[in-house]
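Below you'll find the structure, written out as structure tokens, and then a few comments.
Quick note: the coordinates plus some simple rules give every number you see, no bench work behind them. Computed from a predicted structure; not experimentally measured. Note: ideal-geometry Cβ built from the backbone for every residue, glycine included; neighbour counts use all protein chains shown.
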Amino acid sequence: MNKNYSYPLDLSWSTEELASVLSFFNHVEAAYEDKLAAEKLLVSYAAFKEVVPSKAEEKRLDREFERASGYSLYRAVQAAKSKEKGMISLGK
């Protein structure tokens, strides 16, 4: 997997919105590369959804992020939702 990838970002987002989206992407990476508290991922996902409320836009970002990083936003959120409390780790 390529560690030198760029995030799919919308340059029309405000600084605060970019920070929310980047935080979510970083939490997804942490869930794959190490361990992350499920609650932390769900909180950052809620902030991400404030910026990206459209399901179609979320799916597009997921596809672009997975193509670039190999990590699925959808799978990370589903794992966190099913666990709710405690740590999740999606790494192989």
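Miscellaneous remarks
- Placing pseudo-labels 7 Å out from each Cα toward the beta carbon at Ser6 and Leu42 gives an inter-label distance of 3.5 nm.
- Taking a sphere under 11 Å around the Cβ of Lys49 and counting the other residues whose Cβ falls inside, with K and R at +1 and D and E at -1, yields a net charge of -2.
- When the chain is reduced to its Cα atoms, the Kirkwood hydrodynamic radius in Å: 13.1
- Under the criterion of Cα pairs below 8 Å and six or more residues apart, the relative contact order for the chain equals 42 percent.
- Out-of-range pairs (alpha-carbon distance over 20 Å; input Lys55/Lys81; Lys55/Lys85; Lys59/Lys85): Lys55/Lys85; Lys59/Lys85
- Only helices enter this figure: runs of n ≥ 4 DSSP H residues, each worth -39500 (n - 2.57), summed and divided by the residues of the chain, yield -21000 deg cm²/dmol at 222 nm to the nearest 500.
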